[in-house]
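Have a look at the structure below before the remarks.
Just so it is clear, none of the values below were taken in a lab; they were calculated from the coordinates. All of these numbers come straight from a predicted model, not from anything done at the bench. Please note: Cβ atoms are built from the backbone with ideal geometry, for glycine as well, and neighbour counts cover all protein chains shown.
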Amino acid sequence: MTRADDREVLKTAYEAWEAENWPVAAELLERLARRHPDHSGAGIWWYDAALAHKFLRNWAKAYELGREAAARAERDSQDPAFWNLGIAATIMEDWATARDAWRGFGVDLPDGEGEIAEDLGPGLVRLNPTGPAEVVWTRRLCPTRARVLSVPTPESGRRFGEIVVHDGEPKGRREVDGRSYPVFDELLLWRESALPTSVVRVDVARADDVRALVAVFEERDYGAEPWSSFAAICTCCSEDTLNHDADHAVTGEQRVSLAAPVDEIPALLESWRAAAPEWRRWTGTVEG
C-alpha cells in the first residue's frame, strides 16, 4: 500500500476506531482490505472490520467479514478471528462454519451436524449487561451459547430455561468452592422460555428445607431460587474477582422465585410442605 490516499484512509479508520465510531471504522477497513487483499495487513483489517460490526450487532456483516479474517489466520493458535467467526456463524445458524471456527481456534468439539448442543459444564453469564445486569448460572451448550439455570429477577428481562448467546471475553470471575469461573456478557437472547417467573413466601426452620424446595422444582425441570441468593453489587465489583457462596439456603420467613406453570405451583409446594409439615410452611399466595 503506497498510495497517499490509502494511508489517509487507514489513518482515518483507526481514528474512528479510537473514537468508537464503529460504522466509519468498519466501512473504511473493509474498503482497504478489498482494495489490497494481498497486503500483509489485510488479515488485521478484515478482523477489525468484522469486530466493528460485532460491536454494532450487525451479525450478517460480522459473519461475512469474519470468514475473510479467519481464512488468513493460523489454525490451532487461539487466534480470536476464529472465535468471533464462531459467534457470528452461530447467530447466523451456519453450524458447519461454527464447528470449523471453534476447531480452528483450538476447541475440541465432537463430530456432528446441525445445531451444536453439547454439555460443556456450568458457566456464568451476565444478562442484560447494558441495563439492569444480573449474573446467573448456566449450562454451556457450545463455546458461545448457554441455558439459564438460575431464576433471574423480572428486571433482567430474562427467564429460567432461556438460551442466550454470550461473548468470549471474561468480564470478571467468581470463586466457588476453590474453583474459578469466568463471567461472560450476554450478546443476545437465542431462545425464549415459556415458563413465567412467580414469587412465593415460605417459612422454614432448617436450611435443608429450602434445598428440598429447590429439588422439588428441579425434578420437574423447573427452577426455584431463594432471594437470599441475590446480592446487589456495583459494576466495578461485578467485573472483578469475587468469592461466591454456592449455597444460599437460610432459615426463617423468606421469598423464593419460581419458574414453573402458575397452575402447577400450589401442588408442588404442597408436596414439599407435606414431606415435613412441622418444619415447612408457605403462604398460599403466589405472586406472578
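Some observations on this one:
- Per residue, the convex hull spanned by the Cα atoms of the stretch 4-105 measures out at 82 cubic angstrom.
- Kirkwood hydrodynamic radius (C-alpha pairs) into Stokes-Einstein, the chain, 4 °C and 1.567 mPa s, D in µm²/s: 61
- Net charge of neighbours whose Cβ lies under 15 Å from the Cβ of ALA96, counting Lys and Arg as +1 and Asp and Glu as -1: -3
- Calculated FRET value between GLU270 and GLU169, using beta carbons and R₀ = 45 Å, to 0.05: 0.45
- The Cα atoms of the stretch 29-157 define a convex hull whose projected area, averaged across directions, is 8.5 nm².
- Ranked for footprinting exposure by Cβ neighbours inside 10 Å, fewest first, ARG99, ARG145, ARG211 give ARG211, ARG99, ARG145.
- For the chain, adding -39500 (n - 2.57) for each run of n ≥ 4 DSSP H residues and dividing by the number of residues yields -11000 deg cm²/dmol at 222 nm.
- Counting every other Cβ atom within 10 Å of each residue's Cβ, ASP177, ASP100 order from fewest to most as ASP177, ASP100.
- Straight-line reach from LYS11: taking Cα to Cα under 27 Å and skipping same-chain neighbours fewer than 8 places apart, the lysines in range are LYS54, LYS61.
- Taking amide H atoms as placed 1.01 Å from N in the peptide plane, the amide H of TRP137 lies under 5 Å from those of LEU149, SER150, each 5 or more residues away in sequence or on another chain.
- Estimated FRET transfer efficiency (ARG201, ASP177; beta-carbon r; R0 30 Å; 0.05): 0.50
- From phi via Karplus (6.51, -1.76, 1.60), per-residue ³J(HN,Hα) for the stretch 122-136 in Hz, x at Gly/Pro: x, x, 10, 10, 8, 6, 6, x, 8, x, x, 4, 8, 8, 10
- A Förster radius of 25 Å combined with the Cβ-Cβ distance from ARG31 to GLN78 puts the calculated FRET efficiency at roughly 0.30.
- The aspartates and glutamates within cross-link reach of LYS171, meaning a Cα-to-Cα straight distance under 20 Å and a gap of 8 or more places when in the same chain, are GLU20, ASP79, GLU134, ASP185, GLU186, GLU239, ASP240, ASP245.
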